[in-house]
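One structure is given here, and the rest of the page talks about it.
The numbers here are math on the coordinates, done by the rules we state, and not lab data. Bear in mind that the values here come from a model prediction, so they are computed numbers and not experimental data. Methodologically, a virtual Cβ is constructed for each residue, glycine included, from the backbone with ideal geometry; neighbour enumeration extends over all protein chains shown.
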Ligand SMILES: NC(=O)c1ccc[n+]([C@@H]2O[C@H](COP(=O)([O-])OP(=O)(O)OC[C@H]3O[C@@H](n4cnc5c(N)ncnc54)[C@H](OP(=O)(O)O)[C@@H]3O)[C@@H](O)[C@H]2O)c1
């Protein structure tokens, strides 16, 4: 079968190779992949920024959807012919993430899904809402679940509250969609007016160009009547943290998710002076994924995909992500 491997760091290190087809152990299923999606993490994995001690060769990507074509002797959760996605952590079904569970992230600690056939844990797969295409389903395991966990599971978002999403990448656009679904108000930033226009069409209530308004945190306060935003989806990390602190209301919540904006001097004192809740988010469990799927199904929500690349052009998909010109998700079709 065809599979991609990261053989060394850098775009040149991504190689299309032949590998033997996997066979299921008693508690595994074999999935014939139909679509995958990229996350910023995958770019960091390839560049060596995520884990400088990455084990080579590694099959990349955490997110993919396919059809179950074989099951192990003890598998009862799914059957041959089912359409499933792998869960980001193969061994995080519910409750808190354990030390052992944290070592089961696809396309990181263990081989991922950018291969024609993938062996997954029977507990580490989930059915995908029927109204979604394979590509749409393939966007859910990391970016969507992270936004869901931040806003709904840990964030306990309520109708009428306000949320700030930074930029228009995968996590932020899912956040926008979930906030709209929840009857809350969303403020979103971008470096591009054209992207902000698209965000408006998806239901964004307020849009701010962070390139034209380097003091975007003041704009956020302005559009919230001086009060500040209830909740920040913080995908920038240390480089945007202080601005997020100034944008959030007293007692508000900042979900720490990403590192897009690079280094910075995060001011810890303002967390306590403003009584903020700063919560770390690490994707989510299968139980959270099931709750998210129920909402996606009910609202007939559709993920936003910018481009789908064929399997042979996976490297171009990575390069497209590195350019930052995408809106929402980038997929690979098999
Ligand atoms: N903790 C977790 O479990 C978890 C899960 C998923 C992702 N993440 C992290 O979350 C971050 C986002 O991931 P993603 O896959 O959604 O990334 P992505 O799709 O590649 O997002 C790229 C977009 O982010 C925006 N951006 C870049 N720098 C920015 C800045 N300084 N300020 C505001 N926006 C900025 C840009 O939007 P515009 O083009 O509109 O300006 C850019 O197009 C990454 O750091 C990723 O590692 C963490």
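Annotations
- Residues residue 272 and residue 213, FRET efficiency given R0 of 30 Å [Cβ-Cβ distance, rounded to 0.05]: 0.60
- Measuring nothing but how far apart in sequence close Cα pairs (under 8 Å, 6+ apart) lie, relative to its length, the stretch 63-193 scores a relative contact order of 21 percent.
- Distance between the pseudo-spin-label points of residue 103 and residue 295 (7 Å out from Cα toward the beta carbon): 3.3 nm.
- Residue-averaged 222 nm ellipticity for the chain, from DSSP H runs of 4+ at -39500 (n - 2.57), nearest 500: -7000 deg cm²/dmol
- Between 0 and 90 degrees, the angle of helix 286-298 with respect to the longest Cα principal axis of the chain falls at about 70 degrees.
- Multiplying the residue separation of residue 69 and residue 44 by 0.36 nm and removing their Cα-Cα distance gives an extension gain of 5.9 nm.
- Added length on full extension, which subtracts the Cα-Cα distance from 0.36 nm per residue, residue 201 to residue 156: 13.7 nm
- Computed over the chain, relative contact order equals 18 percent, with contacts defined as Cα pairs under 8 Å that lie 6+ residues apart.
- Fully extended contour minus Cα-Cα distance, from residue 7 to residue 319, at 0.36 nm per residue: 110.6 nm
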